[in-house]
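Notes to accompany the following structure.
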Amino acid sequence: MNNVIMILCDELRADMLGCMGNEQVKTPHLDDLSKDCVVFEQAYCNSPMCVPSRVSIATGRYAHSHGALDNMLSPLDDEKSFYKTLQDKGYHTFNHGKWHCNINPLKFGMDSHTGGGTDQNDIEKKVTCFGITDRELRKKTDYGRNNGEVPLIIYGTRPSHKDDTLDSLVTANYLSDLDALTESGEIRKQPIFARLSIMDPHTPYIPAEPYASMYKPEDIDLPVSFDEDLTGKPVLQKYFMKARGFDQVTEEEYRKSKASYQGLVTPVDDRVGKVIKSLKDKDLYDESLLIFIADHGSMMGEHGFIEKWGYMYDQVVRIPLMIKLPESMMTQDMKGKHLDSFVESVDILPTVMEVLGIEQTIEEAERVQGRSLLPYMTGQVDKHKDKVFSQYYCGSLQNKSALMVRDNKYKLTSYPEGTDLEGFLPNDHPLKMSQMFDRDSVLGELYDLEKDPDEVNNLFDDPEYRQIKEKYLQELDKWMKSLGDVVDEATMPAKNPLSFHVIRQGENMLNAQAMLEGEKRWGKLKRKSFVC
C-alpha cells in the first residue's frame with residue numbers, strides 16, 4: 001500500500017510558481033518537484049473560500065451537496081472524506097497545520113491533528129490576520145492594513161524570526177512525526193496519509209526576513225485592472241470594495257502588498273523543499289503518491305482588490321495542482337508533463353481512490369461528483385473536462401450563491417440576488433440607503449476570455465451577447481440539476497447563529513476552533529431538490 005503525502009497551501013495563486021511561468025518569484029524546490037509530477041495548468045477550485053474548497057477536496061463533492069457553502073458553515077453529518085476512507089483501509093492519518101473544514105478532524109478521518117499554535121512564542125501569539133494584539137509590538141513593527149470592515153494586514157515585515165513563524169513550526173512538527181514513524185518502524189508496518197496544511201501565503205501578508213526584503217515594491221508590476229472603478233460590475237463587488245476600504249488603498253500599498261505576498265510564497269517553497277528532502281532521505285519519496293494543491297487563490301490588486309471575497313476572477317479560482325504518482329506507475333514521459341485540460345478540486349478524491357486501487361461501495365461511488373485524473377495523466381484520454389464550475393456564498397449577504405462556469409472561450413458568473421444585498425444590511429450600516437444601491441442592478445458577469453483575459457469588459461448585459469449569455473446560464477442550470485439533492489440555501493442563516501453580518505466572517509477561525517474543542521454543532525441542514 002502506497003503512502004500518500006498531501007501538501008495543501010492557503011490562498012496560493014497558480015501563477016506564482018516558476019514552473020507555472022512566473023519569472024520573478026523564487027520557487028526552486030517546487031520547480032524541481034514539478035519535474036517529477038504531472039502539472040495541471042488549468043486547475044480550478046470549486047469555491048474561492050477556505051472551508052467549502054477544503055471540504056470539496058476532501059469529499060469529491062460540490063458545496064451545494066456537502067453543505068459547507070461558506071466559511072461559517074459545517075459539512076452535513078453524512079459527508080465522508082477520503083481521509084476517513086483511507087483510515088478505514090488501515091492508513092495512519094494525520095494533519096499538521098490549518099484544518100478549517102468546520103468539522104472535528106477526528107470525525108473526518110484524522111487519527112491526529114496538530115495546529116501548531118501551542119509551540120508559538122510570545123511574539124507569534126500576538127500576530128493575527130487582522131492585526132497585532134500587543135500595543136508595544138505594533139509600535140515596533142512595520143506593517144499596513146486595509147481600512148474597513150474585517151481589516152487585514154496586507155503588507156509589512158513579521159516581527160518573528162523565520163524559524164519561529166507558525167508555518168515553520170507546523171512544518172517542523174510534521175517532519176518530526178515522519179522521523180518518529182520511521183525510527184519506530186511503524187511506517188513500514190502501516191501506510192500513512194500525511195497532510196501538511198500550510199497557512200502561507202494567506203494573510204497576514206508579513207513575511208519574516210530575509211523574505212520580507214526579497215521582493216522590492218518598486219519592482220512590482222501592477223495588473224492592468226488595478227484602478228478599475230467597477231462600473232458595470234455586480235453590486236456585491238462594489239460592496240466589498242467600499243466595506244473593506246480597498247477604494248482607499250494607494251498604488252504604493254498595492255505594490256507593497258504584492259511584494260509581501262511574494263515574500264510568503266518563497267518560504268512555502270523552502271518548506272516543501274524540506275519535506276521532499278526528508279521523504280527522499282527516508283526512502284519514502286519514490287513510491288508515495290504526492291499531491292501539492294491550494295484551496296484557492298488571492299487577488300493582488302486586480303480590479304482593485306486584495307485577498308478574496310465576492311467575486312470569481314481567475315486569480316482566486318485558479319489554483320496550483322501537481323501530482324506525483326508512485327514510481328511504479330509513473331512513466332518517464334509523464335514526469336514534468338504539463339496538461340492544459342480543465343480539472344477541479346472535486347477530482348482529487350476519485351484520483352486518490354483509483355491510484356491506490358481502493359474500491360468504494362456503489363453508494364459511495366455514486367455520491368462522488370468529481371472524476372479521476374488518472375486516465376488523463378496516463379494518456380488514456382486526451383481531455384479531462386471542457387469546463388469548470390465554482391460558487392460563492394456569504395450567508396450574511398445572500399440567500400443564493402453566485403455561480404460560475406468557465407471554458408476556454410467564455411466565463412459567466414450569475415449573481416441571482418444582485419438586487420437584494422441592501423436588505424441584508426442593518427439600518428445603521430454606513431452603506432445602507434447609499435447611492436451605491438441606486439444604480440441599475442448587474443446580475444452577472446460574462447467575459448470573452450480570448451479577447452479580454454483580464455476580465456474587465458463585462459458583456460453580461462450586452463445585447464449582442466444575449467444568446468451566449470443564455471447558453472452559459474443554461475450550463476449552470478444543467479450543472480445544478482445534475483447535483484440532485486442540494487442544501488436549501490434560504491435556510492442557512494437561520495441554522496447558522498454566527499452569520500448575522502459579514503463582519504462576523506472575520507471571527508470564523510476562533511469560532512471554528514471553539515466548535516472543534518467544545519463539540520459545538522450548528523445543526524443538521526436540510527436538503528432539497530434544486531429548482532431553477
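Numbers for the structure displayed
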| read-out | value |
| --- | --- |
| Derived scalar couplings ³J(HN,Hα) [segment 3-15; Karplus, 6.51 cos²θ - 1.76 cosθ + 1.60; whole Hz; x for Gly, Pro] | 5, 10, 10, 10, 10, 10, 9, 10, 6, 8, 6, 5, 8 |
| Entries of LYS140/LYS216; LYS189/LYS282; LYS125/LYS277; LYS324/LYS409 with Cα pairs more than 18 Å apart | LYS140/LYS216; LYS125/LYS277; LYS324/LYS409 |
| Highest average packing first - 31-40, 134-143, Cβ atoms within 10 Å | 31-40, 134-143 |
| Length added when fully stretched, LYS280-ASN121, from 0.36 nm per residue minus Cα-Cα | 54.2 nm |
| Percent accessible area from carbon and sulfur atoms, segment 380-476, protein chains only, probe 1.4 Å | 43 percent |
| Check: the chain dipole with +1 on Lys, Arg Cβ and -1 on Asp, Glu Cβ, in debye | 1080 debye |
| The chain - percent relative contact order, Cα under 8 Å, separation 6 or more | 22 percent |
| Surface share of carbon and sulfur [accessible, 1.4 angstrom probe, percent] for segment 1-111 | 44 percent |
| FRET efficiency, GLU287 to GLU363 (Cβ-Cβ, R0 35 Å, nearest 0.05) | 0.70 |
| Cα shape, segment 62-173, gyration tensor, a/c 1.5 rule | oblate |
| Inter-site label distance for ASP247 and LYS216 at 7 Å from Cα along Cβ, in nm | 3.5 nm |
| Gyration tensor verdict on the chain (Cα atoms; rounded if a/c is under 1.5, prolate if a/b is larger than b/c, oblate otherwise) | rounded |
| Packing rank of 410-420, 210-220, 288-298, where each peptide gets the mean count of other beta carbons within 10 Å, highest leading | 288-298, 410-420, 210-220 |
| Prolate/oblate/rounded label for segment 386-490 (Cα gyration tensor, a/c 1.5) | oblate |
| Extended-chain gain in nm, criterion 0.36 nm per residue less alpha-carbon gap, ASP179 and HIS338 | 54.0 nm |
| Å² per residue, accessible surface of the chain at 1.4 Å | 39 Å² |
| Extension gain, ASP382 back to GLN190 (0.36 nm per residue minus Cα-Cα distance, nm) | 65.5 nm |
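The values are calculated or read from the model by the stated rules, or taken from the named source; none is laboratory data. Since the structure is predicted, the reported quantities are computational estimates derived from the model, not experimental observations. Virtual Cβ from ideal backbone geometry, glycine too; neighbours counted across all protein chains shown. Calculation scope for accessible area: heavy atoms of the full protein, side chains included, ligands and nucleic acids excluded. Shrake-Rupley method; radii C 1.70, N 1.55, O 1.52, S 1.80 Å.
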